[in-house]
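Asker: Following this message is one structure expressed as C-alpha cells.
Please treat every number below as a calculation from the coordinates, not as lab data. Just so it is clear, the structure is predicted and the values come from calculations on it, not from any experiment. Heads up, the Cβs are rebuilt from the backbone with ideal geometry, glycines too, and the neighbour counts pull from every protein chain shown.
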Amino acid sequence: MDFTKVKENEKKSVLEKKEIVEKDFWRQKYHIQGIVGLINDPNGFSQFKGKYHMFYQWNPLGTNHKNKTWAHSVSSDLLHWERMETALRPDTWYSKDGVYSGSAIVDDEKLYLFYTGNVKDSEGNRESYQCLAVSSDGENFERWEPSIVNQPDGYTRHIRDPKIWKKDGKFYAVIGIQSENLEGKAVLYSSENIKDWKFEGEIAGANHGKIKDFGFMWECPDYFQLKDEKTGKIKDLLVFSPQGLEPEGDLYNNKYQTGYLFGKLDYEKPEFEILSAFVEIDRGHDFYAPQSMEDDKGRRIVVGWMGVPEDEDFPTVKNEWIHCLTLPRELKVRDGKLYQEPISEMISIRGEKIEFEDFVKGEKEIGKGKTYELIAKFSDISSDFGLKLRVGRDSETVVKFDFKDKKLVLNRSCGAQSDKSVRKVFLGDIKDLELRIFVDNSSIEIFVNNGEEVFSSRIFPLENADKIIVFAENETKVKLEKWEWK
Ligand code: FRU
C-alpha cells in the first residue's frame with residue numbers, strides 16, 4: 001500500500017479550499033471547526049503539560065464522511081484554540097479507511113491516544129482495530145500496531161470508539177459494539193500495561209438487562225463518575241449515542257440520538273447496573289458523540305459534535321466546509337439530576353454590554369448582534385413569550401415558551417438550512433424562566449434554568465440578520481443582559 005500521498009493530498013486540499021472557506025460569513029468565532037472539509041466527533045479530549053488538547057474527526061479532502069484523520073488543536077482556556085499538525089492520518093494498514101474515534105489518557109508523563117482503525121477489504125467488508133499512539137511532547141505521535149483485532153465472539157465488526165480511564169493502577173475502556181443479532185451494546189476491556197487488552201464482557205446494551213429494543217449500534221460510549229453536589233453521593237454515568245431509535249413525540253427527533261443512564265459499574269461481573277431511564281442529553285437539532293474529560297480543576301467537561309450523522313444538507317457545503325464542535329460545558333449532578341453549565345471561562349470573552357429591564361407586551365427590539373451571550377429572565381408569566389434572534393431578511397431563530405403546552409420550543413426554520421423542523425422540551429408549570437444563550441455566526445446553544453436542559457442547533461441566518469427581539473402575548477416581566485463577544 002502506498003501511503004506517501006496521504007499527507008500531501010491533505011495539504012493540497014487545504015491550500016485549494018482555505019480561501020473560499022475563510023470568506024464564509026457562517027464561519028464560527030468560538031467553536032472548533034475544520035479549516036476545510038468535514039469534521040465530526042471530538043476525540044482524545046485531554047489536558048497535557050498544562051494545555052487542553054482536542055482532537056476531532058476530520059476529512060480534509062471533502063465534505064463527506066471519508067478519509068478520516070485526527071485533527072488536533074490546543075488551548076489554555078478551552079475557547080481560543082491553536083491548530084496543530086494533524087495527529088493521525090489514514091496512512092497505516094490498520095487505519096487505511098479512516099482513523100476513527102477514540103479517547104486519550106495521560107499516564108507516566110505521556111499522552112496516549114486510543115482509537116479505532118477502520119479498514120475495508122476488497123469486498124467492502126469492514127475490519128476494526130483498536131490501536132494506541134503515544135506522545136511525549138503532545139505533538140508527535142508514535143503509532144503502535146493494533147492492540148485489539150476485530151471483535152469478541154457473538155459480535156459483528158462494528159466495534160469502535162474506545163473511551164479509556166485508569167482505576168487502581170489498571171486501564172479500562174468501554175467500547176461501542178453491535179451484536180450478531182444487530183443490537184447496539186457497550187463492552188468493557190481492561191489492560192495492565194495499556195498495550196495488551198482483555199475482553200471483560202458486555203456491560204449494557206439493547207435487550208440487555210432493563211433495556212429493551214434500543215438501536216442497532218451504540219456509538220461513542222463514555223463512562224465517568226460525578227459527585228452529587230446536594231447529597232454527596234457518587235453517581236456513575238454511561239453516555240452513548242444509540243442508532244436506530246424511532247421518534248416518540250418530542251423525543252428522538254434527530255436521525256440519531258445521544259443520552260445517558262445513571263447506574264453503577266460493577267467491574268467484577270462486569271455490568272453497568274442501570275438506575276434511571278435513558279435521557280437525551282441535548283434537545284437541539286445538532287448534537288452527537290460527545291466526549292468528556294476531568295480537568296485539573298476537578299471539572300467534568302464535555303464537548304459534543306454539533307452535527308448528526310447522515311445530515312449533510314448544510315448551506316456551507318458549497319463553501320467547502322461542514323460542521324463544528326459545541327462549546328465546552330461542565331457536567332454536574334444535583335439531587336440526582338444532571339445539569340450542564342457553560343464553563344466559567346465563557347465570561348472572559350464578554351465584551352460590550354447592553355441591558356434591558358421592563359414589562360413587555362407585543363414585540364420589542366432590544367439591540368443587535370451576531371456573536372454574543374445573552375441572559376434572559378422572564379417572570380409574571382401568563383402567556384406565550386420568548387426571543388427572536390439573528391432577525392433580518394428571511395431569517396430568524398425563535399425561542400418560545402408555549403404557555404398552553406408548557407414547552408420550550410426552538411424554531412430555526414427561517415434561514416438558509418433545508419431542515420425546517422422544530423425541537424421542543426416539556427418544562428411544566430413554571431413561574432419564571434432563565435435562558436442563557438450563546439449565539440455564534442451559525443449556531444445557537446440554549447441553557448435552560450442553569451443547565452436543566454440544553455438545546456444545541458446550527459442556524460444559518462442571512463448575512464445581515466442581527467436584530468434581537470423580545471416578545472410576549474400578555475404583559476411579561478423581562479430582564480436581559482447581552483454581551484457582544486470580544
Ligand atoms: C460517530 C462515528 C463513530 C466513528 C466516527 C467516524 O459519529 O460514526 O462511531 O468512530 O464517527 O468518523
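Asker: Once you order the gyration tensor axes a ≥ b ≥ c over the Cα atoms, which shape class does segment 1-157 get: rounded for a/c under 1.5, otherwise prolate or oblate by comparing a/b with b/c?
Answerer: oblate
Asker: If you take the beta carbon distance between Ser348 and Glu229 as r and set R0 to 22 Å, what does 1/(1 + (r/R0)^6) give as a FRET efficiency, to the nearest 0.05?
Answerer: 0.40
Asker: Excluding same-chain residues fewer than 8 positions from Lys227, which lysines have a Cα within less than 23 Å of its Cα?
Answerer: Those lysines meeting the cut-off are Lys163, Lys166, Lys167, Lys170, Lys235, Lys264, Lys297, Lys332, Lys337.
Asker: For the chain, with the dipole built from +1 on Lys and Arg beta-carbon atoms and -1 on Asp and Glu ones, taken about the Cα centre, which of Cys324, Phe272, Pro221 lies farthest toward the positive end?
Answerer: Cys324
Asker: What is the calculated FRET efficiency for Val317 to Lys5, with r their C-beta to C-beta distance and R₀ = 25 Å, to the nearest 0.05?
Answerer: Computed FRET efficiency for Val317 and Lys5: 0.50.
Asker: Modelling each spin label as a point 7 Å along the Cα-to-Cβ direction, I'd like the Lys264/Ala416 distance in nm, to one decimal.
Answerer: Here the answer is 5.3 nm between the modelled labels.
Asker: Would you work out which of Val74, Gly169, Met1 lies farthest towards the positive end of the dipole of the chain? Charges go on Cβ: Lys and Arg +1, Asp and Glu -1.
Answerer: It is Val74, whose Cα lies furthest towards the positive end.
Asker: Taking 8 Å as the Cα distance limit and 6 or more residues as the minimum spacing, I'd like the relative contact order of segment 84-240 as a percentage.
Answerer: 15
Asker: Can you tell me which of 401-408, 473-480 comes out highest on packing, and rank the rest after it, using the mean Cβ neighbours within 10 Å?
Answerer: Result, highest mean Cβ count within 10 Å first: 473-480, 401-408.
Asker: Please compute the contact order of segment 332-480 in relative form: average sequence separation of alpha-carbon pairs under 8 Å and at least six residues apart, divided by the residue count, as a percent.
Answerer: So the answer I get is 37 percent.
Asker: Of the GluC sites (Glu not before Pro) in segment 1-106, which ones lie in a loop per DSSP and count no more than 13 other C-beta atoms within 10 Å?
Answerer: Glu85
Asker: Next question, about the same structure. Can you figure out the FRET efficiency of Asn449 with Glu357, using R₀ = 22 Å and their beta-carbon distance, to the nearest 0.05?
Answerer: 0.70
Asker: Segment 184-229 to segment 241-268: how many Å between their Cα centroids?
Answerer: 13
Asker: Could I have the simple spin-label model distance between Asp394 and Asp380, label points 7 Å from Cα toward Cβ, reported in nm to one decimal?
Answerer: 4.0
Asker: Then there's this: Which loop GluC sites (Glu not before Pro) in segment 132-222, with loop taken from DSSP, have no more than 14 other Cβ atoms within 10 angstrom of their Cβ?
Answerer: Glu139, Glu180, Glu192
Asker: Express the relative contact order of the chain as a whole percentage, based on alpha carbon pairs under 8 Å and six or more residues apart in sequence.
Answerer: 12
Asker: Right, something else. Just flag the GluC sites (Glu not before Pro) in segment 240-320 sitting in loop per DSSP whose Cβ has no more than 14 other Cβ atoms within 10 Å.
Answerer: Glu268, Glu310, Glu312
Asker: Another one. When the helix-only estimate is applied to the chain (DSSP H runs of n ≥ 4, each -39,500 (n - 2.57), divided by the residue count), what is the mean residue ellipticity at 222 nm, nearest 500 deg cm²/dmol?
Answerer: -1500 deg cm²/dmol
Asker: Also, I was wondering about something else. So for the chain, taking the charge dipole from beta-carbon charges (+1 Lys/Arg, -1 Asp/Glu), which of Trp93, Val360, Gln291 sits furthest toward the positive end?
Answerer: Farthest along the dipole direction, towards plus: Val360.
Asker: Tell me the label-point distance for the pair Glu139, Glu85, using the 7 Å Cα-to-Cβ offset, in nm and rounded to one decimal.
Answerer: Once both label points are built, they end up 0.8 nm from each other.
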